[in-house]
Amino acid sequence: MPRTESDSGDQTAPQTMPTEIRFGAFVREITVQQNRISYNSLTPKVWRDAEGREIPYQASRIRLRPIDAYRLIRPYVSVRFMEQIRAVLPLALYLVLFQLFVLHQNILDAWIIAGGLVAVILGLMCFMEGLKVGLMPFGETLGSTLPAKAHLHLVLLIAFLLGIGVTFAEPAIGALKAAGQIVRVESAPYLYTLLNDWSEILVLGVGLGVGIAAVLGTLRFLYGWSLKPLIYLTLLPTLGLTLYILQDPELAKTLGLAWDCGAVTTGPVTVPLVLSLGIGIAAAAGKGQTSLSGFGIVTLASLFPILGVELLALYVAQVSSPEEIIAAAAEASALATEPDWYARTPWLEILGGLRAILPLVLFLFLVLRLVLRERIQHPGNITYGITLAVIGMIIFNLGLTYGLTKLGSQSGGLVPASFTEIAAVEGDPLYSFELGLTIAFVFAWLLGFGATLAEPALNALGLTVENLTNGAFRKQLLMNAVSIGVGFGLMLGVAKIVFAFSIAWLLVPGYLLAVFLTFFSTEEFVNIAWDSAGVTTGPVTVPLVLAMGLGFGDAMNAIEGFGILSMASICPILSVLITGLWIQWKVRRKHRRYDASMNTSAAQEASA
């Protein structure tokens, strides 16, 4: 007889279904409602022609009603749409509410900004999906098959060229180019010419830095190099050039741009494509299975572009003087006519989207066909993904112009009214100097903290780190450490604009402190800390923070508003390194206590 809960001694328990039944009864019950269908009933009937040969079966195309297609697509699209909503909407609401309730200012062109933000969400949704379907398969194929079919020198050359190509495809690069329109040539001639006359060369210089980082990152994966010496060797010339450029008052105005370029590069295109190539090469060589595979390349892709822009600034200073740049800008302004059709919106954004994606796709296709001699798997899917990426980039560029940049610039331009007089606000300053300045700093800190905490890449990094450290470094602890660091970074960047000092006075001590902490940290925590700066600069955060900083600087009549992004990179490195050292100390203390207790137990047993 089957045992029930009432048989277990609890007389008050209600009668329930048996918890144990005979296997024969179970088989009988589950087969009662089953119907057996012959496989022949499911296969199509065989037709033959007049000569008795079998006619190949061609399945008819599946026909879907519009409602059926909607039901299939809706869950798929809604998940990706909500991802971008969570990244964009909280930041936009924060800026709007701060402007309305703290600064008591209405939102100008509210409907245009709202439409731009919707375009940003839709554009990012399409772009990220296209990147996953159309571009990532190229990177994975290259990484897995390139080492087997090409010499190491050719592999490194392709990694170098790929690093250049992905830089042009980064969504945030468009924000960097747009920033040139805000800089006044009389205040910062070298900065002006870098962002306008040399804008394409500037992006190429950043791309060369990423290319070198891709090569070094790949070699590091292959030979198992430590990240620490690479950090020291890269920072040495970068900080040295920073101190050298600081001696020239005009050149020093380009330092904020140079260090900000390091933050722009580590976005949704560069990191996955370059990383998949490097890890694939290391795995093909049988050296990609360590717990730290994949870490470090983001760090190098952040540091080398800084060096590239500093070298470009020095070259520009050699070939032109500030007076020549100002005179050329004045002459161009006097001769200015209606811009050509391709320089006006929306054609500017459309051509920008095409130029960002298509050359990269062409390069990957040529490598696949001419070097690897591989056929493209699922060409229909690849074409669909590339088309989606191009459309997404175009829509994102339009949203950047009318949504994120406009909102960030407007909010950043109004924040100084809380503590000083600006032309755009009546009755300013709105608060006393001390209270208003505190409000400005709290605004920047909350923006940095909230924007970072909403980054999907940070959540993914947190999970990876928790697994790698066997739970010693919790995901939430890492997310809080990085977010707090970015918050203080933005706050220091705003302080730099308010008090008008060079960003180098913050960056040089900050990176020297990071080197000091790196020396005492383990390889594991060094990889985590230096790569954590890369996840803070997503395609939404970079344009928004950049526009906010430039708008803030413009309202304060500052020479330039760059440098905030660079502070948002170094501060999380410091916060994570400090947190890592604290965790190391806790682990060592726990081990010492355990060893002491074991020794005590052994001594007691020996005495007994």
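The values are calculated or read from the model by the stated rules, or taken from the named source; none is laboratory data. Note that the structure is a prediction, hence the values are computed from the model and not measured. No Cβ is skipped: glycine too gets one built from the backbone with ideal geometry, and neighbour counts run over all protein chains shown. Surface accessibility is based on the protein's heavy atoms, side chains included, excluding ligands, DNA and RNA. Shrake-Rupley method; radii C 1.70, N 1.55, O 1.52, S 1.80 Å.
Details
- Selected residue (criterion: farthest from residue 409 (Cα to Cα)) from residues of the stretch 429-460 that are under 15 Å from the mean Cα position of the chain (by Cα) and of a type in the set (Gly, Ala, Ser): 460
- Leading residue by the ranking (modelled with the lowest pLDDT) among those in the stretch 221-237 that are of a type outside the set (A, V, I, L, M), surrounded by fewer than 20 Cβ atoms within 10 Å (Cβ to Cβ) and under 23 Å from residue 516 (Cα atoms): 224
- Scanning the stretch 461-474 for residues being without any contact (Cβ under 8 Å) to a residue 60 or more places away in the chain and within 18 Å of the chain's Cα centre (by Cα) gives a total of 3.
- If only residues of the stretch 569-596 that are aliphatic (A, V, I, L, M) and modelled with pLDDT under 90 are counted, the one that is nearest to residue 478 (Cα to Cα) is 583.
- Taken over the stretch 418-429, residues that are touching a Leu at 6+ places or on another chain (Cβ under 8 Å) and open to solvent by 50 Å² or more (accessible area, probe 1.4 Å) amount to 1.
- Looking across the stretch 183-201, just one residue is over 13 Å from residue 257 (Cβ atoms) and touching a Phe, Trp or Tyr at 6+ places or on another chain (Cβ under 6 Å), and that is 185.
- Scope the stretch 374-388; condition touching a Lys or Arg at 6+ places or on another chain (Cβ under 9 Å) and either in a helix (DSSP H, G or I) or of a type in the set (Ser, Thr, Tyr) (or both); matching residues: 385
- Some residue of the stretch 67-87 being within 25 Å of residue 451 (Cβ to Cβ), open to solvent by 100 Å² or more (accessible area, probe 1.4 Å) and in contact (Cβ under 8 Å) with a residue 60 or more places away in the chain: yes
- Enumeration of residues in the stretch 316-348 that are assigned to a helix (DSSP H, G or I) and open to solvent by 80 Å² or more (accessible area, probe 1.4 Å): 318, 323, 324, 331, 333, 334, 341, 342, 347, 348
- Against the test of being within 22 Å of residue 359 (Cα to Cα) and at pLDDT below 80, the options 209, 180, 130, 139 yield a single qualifying residue, 139.
- When the helices (runs of 4 or more DSSP H) confined to the stretch 495-608 are screened for residues that are open to solvent by less than 20 Å² (accessible area, probe 1.4 Å) and more than 28 Å from residue 254 (Cβ to Cβ), those reaching at least 2 such residues are found at 523-532, 564-607.
- Among residues of the stretch 434-483, those that are hydroxyl-bearing (Ser, Thr, Tyr) and at pLDDT 90 or above, counted: 2
- Qualifying residue in the stretch 211-229 (condition: in contact with a Pro (Cβ under 7 Å, 6 or more places away or on another chain) and not aromatic (Phe, Trp, Tyr)): no
- Of residues in the stretch 430-440 being touching a Ser or Thr at 6+ places or on another chain (Cβ under 9 Å) and small (Gly, Ala, Ser), the one surrounded by the most Cβ atoms within 10 Å (Cβ to Cβ): 440
- Candidates are the residues of the stretch 248-284 that are crowded, with 24+ Cβ neighbours inside 10 Å, small (Gly, Ala, Ser) and more than 25 Å from residue 199 (Cβ to Cβ); the one that is modelled with the lowest pLDDT is 282.
- The one condition in (1) surrounded by fewer than 21 Cβ atoms within 10 Å (Cβ to Cβ); (2) touching a residue at least 60 places away in the same chain (Cβ under 8 Å); (3) under 26 Å from the mean Cα position of the chain (by Cα) that residue 478 fails to fulfil: (1)
- In the stretch 373-415, the residues that are surrounded by 17 or more Cβ atoms within 10 Å (Cβ to Cβ) and under 30 Å from residue 154 (Cα atoms): 382, 385, 386, 389, 390
- Being open to solvent by less than 20 Å² (accessible area, probe 1.4 Å), assigned to a helix (DSSP H, G or I), of a type in the set (A, V, I, L, M) and touching a residue at least 12 places away in the same chain (Cβ under 8 Å) holds for only one residue in 451, 457, and it is 451.
- Boolean, residue 287 is at pLDDT 85 or above and either aromatic (Phe, Trp, Tyr) or open to solvent by 20 Å² or more (accessible area, probe 1.4 Å) (or both): no
- Test: residue 63 is in a loop (DSSP other than H, G, I, E, B), open to solvent by 50 Å² or more (accessible area, probe 1.4 Å) and either in contact with a Cys (Cβ under 9 Å, 6 or more places away or on another chain) or of a type outside the set (A, V, I, L, M, F, W, C) (or both): yes
- All of (1) farther than 30 Å from residue 108 by Cβ; (2) touching a residue at least 60 places away in the same chain (Cβ under 8 Å); (3) surrounded by fewer than 18 Cβ atoms within 10 Å (Cβ to Cβ); (4) of a type outside the set (Val, Ile, Thr) hold for residue 354 with one exception: (2).
- Flag if residue 313 is part of a helix (DSSP H, G or I), surrounded by fewer than 16 Cβ atoms within 10 Å (Cβ to Cβ) and either among the aromatic types (Phe, Trp, Tyr) or modelled with pLDDT of 85 or more (or both): no
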